[in-house]
Amino acid sequence: MLSRRDPRAASTVDILAAQSEAARHAAGRLQLNSAPQFMPVAGVGPLPDEAGWAARLAHRAPAVDVIVGTTGREMSAFYTLNPALRRLRRVRVLGPATADAVERAASAAVFDRPARHLAVRLTKAGARVWAYQFDYSASDSPFGATHCIELPFLLGTDADWATAPMLAGAHPDDLDTLGRSLRAAWLGFIRTGAPTADTPWPQFTADTPAIRHWHL
């Protein structure tokens, strides 16, 4: 066991194995808890605690422009191959609908509501915020609009993503058309602080929580 050895002397293989073991243990009996086990913690350097973060937000937010977004099926990357949910989907009539409901509830709790909460908090503090949801789904992919599905449209080349399961069956024209539009919006944001889009992308505010949906 890695825990009984000096981690500075452990091999990369041992460290990765220990990390995977910790993740499986933390995921629980049904392996539904996908929260990362190794991540920054508020109040532990270099991150401030809640009071420190609120103070910095009030001071700096008016000079900040932010894009905040999620995808249509964030948790599918973690739940589509989950053994417990795969068994549930084989139950006639109610099984698939119940598994989908579990995935949607987890996506909302882990990604959607926190992202919207952050967007509201930022805009109330004076930041300019644009929110999005990326809804593109490749025809042969079991994952749909999964976690990180927007990255191939923003970064790299077609060859870099040729074997990505989340893009199975995607037509090259889809990637090109949507990718050009998405990159133009992000580049406009980089240049000016406001995204450029071929269709309207209204600013997100607490009173008008507009969300730009990206799809074909």
Taking interchain pairs and intrachain pairs at least six residues apart, which have beta carbon atoms under 8 angstrom, with the first residue in segment 188-205 and touching a residue at least 24 places away in the same chain (Cβ under 8 Å) and the second hydroxyl-bearing (S, T, Y) and surrounded by 14 or more Cβ atoms within 10 Å (Cβ to Cβ)? F189/T196; W201/Y132; F204/T123; T205/T123
Report the residue count in segment 188-201 for those that are exposed (fewer than 13 other Cβ atoms within 10 Å of the Cβ) and in contact with a Ser or Thr (Cβ under 9 Å, 6 or more places away or on another chain). 2
Could you check segment 109-124 and list, in sequence order, the residues that are over 12 Å from the mean Cα position of the chain (by Cα) and surrounded by 17 or more Cβ atoms within 10 Å (Cβ to Cβ)? R116, A119, V120, L122, T123
Which number in (1) at pLDDT 90 or above; (2) of a type in the set (D, E); (3) surrounded by fewer than 15 Cβ atoms within 10 Å (Cβ to Cβ) marks the one condition that E74 misses? (3)
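Tally time: how many residues in segment 173-186 are out of contact with any Leu (no Cβ under 8 Å at 6 or more places or on another chain) and open to solvent by 80 Å² or more (accessible area, probe 1.4 Å)? Full working, then the answer.
Just the residues of segment 173-186 that are out of contact with any Leu (no Cβ under 8 Å at 6 or more places or on another chain), to begin with: 173, 176, 180-181, 184-185.
Filter once more, so that each one left must be open to solvent by 80 Å² or more (accessible area, probe 1.4 Å): 173, 180.
Within segment 173-186, residues that are out of contact with any Leu (no Cβ under 8 Å at 6 or more places or on another chain) and open to solvent by 80 Å² or more (accessible area, probe 1.4 Å) number 2.
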Which condition number does H215 fail, the rest of (1) within 26 Å of P62 (Cβ to Cβ); (2) in contact (Cβ under 8 Å) with a residue 24 or more places away in the chain; (3) open to solvent by 80 Å² or more (accessible area, probe 1.4 Å); (4) not β-branched (V, I, T) being met? (1)
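The values are calculated or read from the model by the stated rules, or taken from the named source; none is laboratory data. Worth saying up front: this structure is predicted, and the values here are computed from it rather than measured. Counting neighbours? That spans all protein chains shown, and the Cβs are built from the backbone with ideal geometry, glycine included. Quick note on the areas: whole protein, heavy atoms, side chains included, nothing else; ligands and nucleic acids left out. Shrake-Rupley method; radii C 1.70, N 1.55, O 1.52, S 1.80 Å.
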